[in-house]
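The structure appears right after this line, and notes come after that.
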Amino acid sequence: MIFTKGPVVVAKDFYDKPQGLIRIGHQVYFLKRGIRDNLESEAKGLEALICANHSLVIPHPILIDHDHKGYFLISESLDLRHPPNWYSAARGISDLHLNTSTNYGWACNNWIGLDEQINTWSENWSCFFINWRIKPKLEKLKRLGFHLNKEKNLLSAIDFHLSTHNPEPALLHGDLWRGNIGFTEHGPAVFDPSCYYGDREVDIAMTKLFGSFPPQFYQTYCYFTPLYSLSSTRHTIYNFYHILNHAIIFGGNYFAECKKYAISLLD
């Protein structure tokens with residue numbers, strides 16, 4: 001073992017390991033390199049998910065440290081080679097969303113991918129999503145030289161669709177796409193969270209963004225926690241946030257995707 005439950009003890013031969021699975025003796029861990037704030041945000045998100053009530057498997061964060069290559073996070077390694085059980089995944093996500101708060105937001109800002117996510121507490125869902133999700137991304141894109149036409153009209157359209165929607169603030173994974181879920185012998189696992197309290201449909205909408213989960217997932221989820229309505233426009237708004245974020249991080253075709261989403265919301 002290279003770690004203890006008391007003060008962390010690191011083996012001398014650990015440093016300078018590449019990112020990915022690492023084996024020390026008989027133990028396997030996962031090492032992820034990145035920006036310190038980003039890694040700390042991920043570790044706090046994992047800890048929040050671990051402390052919540054649900055049946056999902058969450059990898060335990062173990063250590064954040066640095067070497068000459070920069071900062072890294074070591075977490076528990078999961079064996080994700082087991083057959084998918086989408087019924088259990090849906091039940092686990094449903095249970096996760098039953099962990100609630102009185103307001104929307106999070107105790108601190110965190111990260112969504114490689115860009116910061118603002119989490120100022122708010123009592124109003126439309127205000128929260130416009131002021132702390134959409135607007136910061138639009139402002140950052142402007143600084144990168146990308147402008148969307150009719151921005152005021154776009155924000156008004158978003159407010160129109162969200163202002164009468166008052167969902168209970170649910171604990172969200174925040175980045176729930178197919179790459180952040182896997183299946184272990186102990187059940188479905190989720191990782192790489194960007195947690196906050198918000199409309200649980202945010203998570204459900206994102207499951208459809210980069211290749212939908214199987215139909216059984218949605219059928220099971222809705223059986224245990226019915227969606228407020230089948231509002232495709234609301235889901236478009238929620239995924240617009242992620243497209244804006246991808247445009248900031250990756251550029252390229254995501255700029256065109258931003259325009260498509262904006263046109264759709266203005267129709």
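Based on the convex hull around the alpha carbon atoms, segment 86-266 presents an average projected area of 10.0 nm². Ranking Ala107, Ile50, Ile248 by Cα position along the charge dipole of the chain, where only Lys, Arg, Asp and Glu carry charges on their C-beta atoms, puts Ile248 farthest toward the positive end. With R₀ set to 41 Å, the beta-carbon distance separating His26 from Gln219 gives a calculated FRET efficiency near 0.50. Using only side-chain charges placed at the Cβ, +1 for Lys and Arg and -1 for Asp and Glu, the dipole size of the chain relative to its Cα centre rounds to 560 debye. Diffusion coefficient of segment 16-167 by Stokes-Einstein, Kirkwood radius over Cα pairs, 4 °C, 1.567 mPa s: 70 µm²/s. A compact globular protein would have a Cα radius of gyration near 2.2 N^0.38 Å; the ratio found for segment 80-188 is 1.30.
Of Lys152/Lys259; Lys140/Lys259; Lys152/Lys208, which sit over 20 Å apart, Cα to Cα? Where the Cα-Cα span goes over 20 Å, the pairs concerned are Lys152/Lys208. In this simple spin-label approximation, Gln19 and His82 carry label points 7 Å from Cα along the Cα→Cβ vector, and these lie 2.7 nm apart.
All distinct Cα pairs of segment 85-139 go into the 1/r average, and the inverse of that average, the Kirkwood radius, is 13.0 Å.
Taking 0.36 nm per residue of separation and subtracting the Cα-Cα distance, what length does fully extending Asn149 through Ile50 add?
Result for the pair: 31.4 nm of gain on full extension.
At q = 0.19, 0.25 Å⁻¹, what is the base-10 log of I(q)/I(0) for segment 198-241 according to the Debye formula with one equal point scatterer per Cα and no solvent? Please give it to two decimals. Rounded to two decimals, the profile gives -0.55, -0.95.
FYI, it's all coordinate maths here, none of it is from the lab. All values reported here derive from a predicted model rather than from experimental measurement. Cβ sites come from the backbone with ideal geometry, for glycine too, and all protein chains shown count toward neighbours.
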